[in-house]
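Inspection log for the structure reproduced underneath, given as structure tokens.
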Amino acid sequence: TWLIASTVGYNAYTFTIETLLYILIGGVGMYKLTSSLQLNKHVCAIAAVAFICCGYNVGHLQHFNWLSGAAFLPWCFWSYHQLLNNPVLKNIIRTVLLFYMLVASAHPGITISAFYFFLAYKLFFLFSKNENKSIGEKLKQSGKSHLIFLVLFTLLAAGMITGYLDILPHFSRSEKVSLADSLLNPTTSQSWMSVLFPFATVKNEALFNTDVSMRNSYFSLTLLLFFLLSLFSKKTKLQNFLLFTGLFFLLLSTGGIFKTLAYKFIPFIGYVRLNGEFRIFSIFCFLLVAGIELDKFIKQQKPFYGNIKWIYYLAEIIVIAAVAFGIYESVHSRQSIFYNTGSISSQVGLSAKLKAMIDAISFYDTLWMQGFIQLFLLWAIKWAMRFRLWSLLKKIVVADVIIACLLNIPFTGAGKVSVATIQQVINKSSKGIITPKLIPINQYDTISTDEEAMIGDWSMYNKQPGSVSAVFYPIILKSTESYFESNIQYSNKAFLFTDDTTVNISIRSFSPQKIDVIINNATGGHLILQQNFYPHWYYSNGKQKKEVEPFGASFMSVPISKENNKTSFVFEPTKVKAAMIVSLVVFIILVLLLMILPGKPKQFFPSSPQQ
């Protein structure tokens, strides 16, 4: 965020680049993780590509801080299990840096989930018999490394921690959400049909009963087959841990009774409002379980026989049944793209025709369309496994997840407009930091409903302080909620105003942290700034610096007099700034130490079932 904002700046194209970069980081991390597990190189590539294109990423292309959490998850797991097995300083520093990346960039729900995920892994390590050491010896060995980890992480995260502590008393989400709100937008149990039919989740709201972004959990047809095979095979200890941990997060993601119990008995889970984000941990775990199982299949040179054969044919039967059902219902109910060819062909231009085609697709169409694709993929997978063509299997997985992405992206990611079209809307916003106009807030420029559907509320882009109505994003302070809930509002005033309409106000200079104002014809009274009343705001009239005074439910004011026609509003969060400097210095030191310290991490957790 800092890199882009301080160089080329944000626009629709850099947003897209950032999104793809996070997804790529996650894929590289998954390759690194599976390589450290000594999996076959084809399996590592398959796991990486499947993670890049998994249904979670495709579903949340518009949710940056959900993607960043997914991006650093495999890196953190890789580094943490290196640390547990080889607690040298270099491993500690690398783990601190990676965990900071996760916590600083990810949605708080992912941070909370990650805490329990890695706590579970720590307990698994302690009670595992992979080493000839007692639990006491393992605790003593890891105690020092974890203490150093906590100290370094606290120093590195000093700015973030201080910022959180500063805002939490004023933040509307600083307390547990209500039980009803905590059950919103789960990945419902019926949504898990996406592991076989990802395209089917883009339609039929009544069936899935959740937001479309929360439904997709696909991670390739090949890995699904081997995940199912692992359920009927002898598993490694790591597979068992991942399987049960993945099932735990799956139950959390479905909401209902499981989330209700967690809300009441597991600390911090009640702060998570959108349960669908829990499923990234399920996908991550199940993908690794499947990858290890595929690796065993390759290394032990197993034939296409027994359990894998029966699982394959069961999947084939289910897919054929879905195709038949989809075709029958499309014809029987007349809910199909084929009954809308007239309205599609009547559209002018290719873009309009494609939009109409997307809208005309029914749930039954998605079943038979995805079903035919899955049939061809299943036949190709069977061919590759029978003749042990692992390089071909890798290409099949790539084709599989690319097709799944392309089918779902118009519904959950890019939508039905181009990046250029979105940028045209954003271009209506002035470049850089501007001096706002002193006009009534209710006279600000607006954009159309269709344009707001693309980019969100225009108040986030117009660079004019104030909004005529409450906006869900960005962060809502308690004082903001109080203001919009009150009957006294000031949208007919400029963001700077006085009670005396004869007073002339002009802005000499404007920046996010300082506003210099010139006031003429003042006889007394107060100058009101329609900005949230918050600690660290001061005013200066050239002679003295004092804290601003509250005004109404939310805003701030300063006294004005005839003798002094200049005043400044200044925001100075001194403690937060100092803590951020500490974070920056510690970050630089840790990166330098990571570059110069010796110490190559061990390989561990071999995937063979004998070990």
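Just a few scattered comments:
- Apart from one condition, Val471 fits all of (1) part of a loop (DSSP other than H, G, I, E, B); (2) touching a Ser or Thr at 6+ places or on another chain (Cβ under 6 Å); (3) surrounded by 16 or more Cβ atoms within 10 Å (Cβ to Cβ); the exception is (3).
- When Leu39, Leu33, Leu67 are screened for being crowded, with 22+ Cβ neighbours inside 10 Å, outside any helix (DSSP H, G or I) and not acidic (Asp, Glu), only Leu39 passes.
- Any hit, the range 318-339, residues being open to solvent by 60 Å² or more (accessible area, probe 1.4 Å), closer than 22 Å to Asn216 by Cα, among the β-branched types (Val, Ile, Thr) and assigned to a helix (DSSP H, G or I): yes
- Selected residue (criterion: farthest from Leu377 (Cα to Cα)) from residues of the range 166-201 that are open to solvent by less than 10 Å² (accessible area, probe 1.4 Å) and of a type in the set (Val, Ile, Thr): Thr187
- Failed item in (1) crowded, with 21+ Cβ neighbours inside 10 Å; (2) part of a helix (DSSP H, G or I); (3) modelled with pLDDT of 95 or more; (4) not charged (D, E, K, R), with Val28 passing the rest: (1)
- Residue within the range 389-401 that is at pLDDT 95 or above, out of contact with any strand residue (DSSP E or B) (no Cβ under 7 Å at 6 or more places or on another chain) and assigned to a loop (DSSP other than H, G, I, E, B) present: yes
- Conditions (1) more than 23 Å from Ile52 (Cα to Cα); (2) touching a residue at least 12 places away in the same chain (Cβ under 8 Å); (3) not hydroxyl-bearing (Ser, Thr, Tyr): number failed by Leu225: (1)
- Residue match in the range 274-292 (condition: out of contact with any Lys or Arg (no Cβ under 7 Å at 6 or more places or on another chain), over 23 Å from Leu196 (Cα atoms) and not in a helix (DSSP H, G or I)): yes
- Any helices (runs of 4 or more DSSP H) falling wholly within the range 86-173 and containing at least 3 residues that are out of contact with any Phe, Trp or Tyr (no Cβ under 6 Å at 6 or more places or on another chain), more than 30 Å from Ile596 (Cβ to Cβ) and free of Cβ contacts under 8 Å to residues at least 24 places away in the same chain: 108-127, 135-156
- Every residue from the range 371-404 that is basic (Lys, Arg) and either closer than 20 Å to Asn216 by Cα or open to solvent by 50 Å² or more (accessible area, probe 1.4 Å) (or both): Arg386, Arg388, Lys394, Lys395
- For the range 263-317, the set of residues classified as among the hydrophobic types (A, V, I, L, M, F, W, C), open to solvent by 50 Å² or more (accessible area, probe 1.4 Å) and touching a residue at least 12 places away in the same chain (Cβ under 8 Å) consists of Phe268 only.
- Ala522 being small (Gly, Ala, Ser) and open to solvent by 20 Å² or more (accessible area, probe 1.4 Å): no
- Filter result (assigned to a loop (DSSP other than H, G, I, E, B) and either surrounded by fewer than 18 Cβ atoms within 10 Å (Cβ to Cβ) or among the polar types (S, T, N, Q) (or both)) within the range 537-552: Asn541, Gly542, Lys543, Gln544, Gly552
- For the range 5-13, the condition of being of a type outside the set (Lys, Arg), under 21 Å from Pro108 (Cα atoms), in contact (Cβ under 8 Å) with a residue 40 or more places away in the chain and surrounded by fewer than 23 Cβ atoms within 10 Å (Cβ to Cβ) holds for none of the residues.
- For the range 474-490, filtered to residues that are free of Cβ contacts under 8 Å to residues at least 60 places away in the same chain and either among the small types (Gly, Ala, Ser) or surrounded by 14 or more Cβ atoms within 10 Å (Cβ to Cβ) (or both), the residue that is nearest to Ala12 (Cα to Cα) is Phe484.
The values are calculated or read from the model by the stated rules, or taken from the named source; none is laboratory data. Since the model is a prediction, treat every value here as computed from it, not as a measurement. So basically every Cβ, Gly included, is an ideal-geometry build from the backbone, and we count neighbours across all protein chains shown. With ligands, DNA and RNA removed, areas are computed over all heavy atoms of the protein, side chains included. Shrake-Rupley method; radii C 1.70, N 1.55, O 1.52, S 1.80 Å.
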